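Visitor: First, the structure itself, so that you have it in front of you.
The values are calculated or read from the model by the stated rules, or taken from the named source; none is laboratory data. Just so we're clear, the structure is a prediction, and the values are computed from it rather than from any experiment. Reconstructed Cβ throughout: ideal geometry from the backbone, glycine too, with neighbour counts over all protein chains shown.
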Amino acid sequence: MRTKIFLLGGLIILIVASVVLKQVFIIVDEREQVIVTQFGEYIRTITNSGYAFKSPFLHSAIRFDRRILVSDAPQAEYLSQDKKRLVADPVTRWRIVDPLKFFKTVRDESGARARLDDLVFSELRSEVASHTFATVIGTKREAIMDNVAKSVRTKASEFGIEVVDVRIKRADLPKEVQLSVFQRMQAEREREAKRYRSEGEEEANKLRSQTDKERTIVLADAEQNAQKLRGEGDATASRIYAEAYGKDPEFYRFVRSLQSYELFLGKRSTLLLSADSPLFRYLGGPRLEGDKTAPGATPVSKR
């Protein structure tokens, strides 16, 4: 029985001791910072981790996170300088640097996030309104967000908050506008394609015209050279014929007659000529000097 009483007494002592120690000591985690109040009145701020003393049952410890916190604001619409609607969802990283001021102005983290979201929305709206849509989503986006973070950092210091950074997770057009924008982009690309095709066709026509011109010139020069060569050939042939005729006229006439026979007489040709036709004067008997026809010539039928 005594043992049970001792155990019960020991348990009671431990409980009382733990309650008293909890009221006497404040355990501060390295991730926390604490302000001590007495009946709502500020006493002191504890920023170092470890144990700290306080008056039991009189002092209260209010803990705040000392790590970098994140405020993810909901999507909102902004209007750019060129009157285009932009949907963006900013993200703010911040920390509590003055717990007392933080507690007096915003009380807790939810109040701080609400204030920060309002500040970011206001500054981002002002910054986007001074830039075009292409600039906001283009190369100057980082500079724009740096300006927003700088402005928000200055105003948030009134709440005991240090803003580390402000960024946009996504910046895009509203869904009801995206389709019309895509259609306009497609129309612009089609116009560009038509322009390139027309320029290519124009250049091709120029090349064809130039090629046809050069072809005509080459053919004309070739025809001219051919005519010249034919004329020279005919002149040479005439000269040779004349020289041959001057040397032996009778032999020349004989050769020309044979050439004529070869040209107009085929294998199945039939000619009916008079007895004194000069065409076959060399096919009859021996020709006398001064005779126009060969003696003894008779009509010839050739088949």
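Visitor: Name the pairs: first residue in region 176-188 and within 17 Å of A134 (Cα to Cα), second residue surrounded by 10 or more Cβ atoms within 10 Å (Cβ to Cβ) and not hydroxyl-bearing (S, T, Y), Cβ to Cβ under 6 Å, at least 6 apart or on different chains?
Guide: As it stands, the answer is V181/L173, since those pairs meet every condition given.
Visitor: While we're on this one: Using the structure shown, decide if K228 is free of Cβ contacts under 8 Å to residues at least 60 places away in the same chain and more than 30 Å from Q259 (Cβ to Cβ).
Guide: Here the answer is no, as K228 does not meet what is asked.
Visitor: Further, regarding this structure: Would you point out the residue of region 74-102, among those that are surrounded by fewer than 20 Cβ atoms within 10 Å (Cβ to Cβ) and among the hydrophobic types (A, V, I, L, M, F, W, C), that is nearest to R44 (Cα to Cα)?
Guide: L100
Visitor: Name the residue, out of P74, P56, that is in a loop (DSSP other than H, G, I, E, B) and either of a type in the set (F, W, Y) or under 19 Å from L173 (Cα atoms) (or both).
Guide: Selected residue: P74, the only one of P74, P56 that is in a loop (DSSP other than H, G, I, E, B) and either of a type in the set (F, W, Y) or under 19 Å from L173 (Cα atoms) (or both).
Visitor: Please list, ordered by first then second residue, the pairs with beta carbon atoms under 7 Å, 6 or more apart or interchain, first in region 50-74 and under 24 Å from K101 (Cβ atoms), second of a type in the set (D, E).
Guide: Hits for this filter: R63/E32; F64/E32; D65/E32; R66/E32; L69/E109; S71/D117; A73/D89; A73/D117.
Visitor: Might you check whether a residue that is over 21 Å from the mean Cα position of the chain (by Cα), modelled with pLDDT of 90 or more and assigned to a helix (DSSP H, G or I) occurs anywhere in region 190-197?
Guide: No, every residue in region 190-197 fails to be over 21 Å from the mean Cα position of the chain (by Cα), modelled with pLDDT of 90 or more and assigned to a helix (DSSP H, G or I).
Visitor: Condition first: under 22 Å from I68 (Cα atoms) and small (G, A, S). Now tell me which residues in region 125-184 satisfy that.
Guide: Listed by number, the residues that qualify are A149, S151, A156, S157, G160.
Visitor: Now for a different question. Tally the residues that are assigned to a strand (DSSP E or B), out of contact with any Pro (no Cβ under 6 Å at 6 or more places or on another chain) and within 30 Å of V181 (Cβ to Cβ), restricting the search to region 78-108.
Guide: 8
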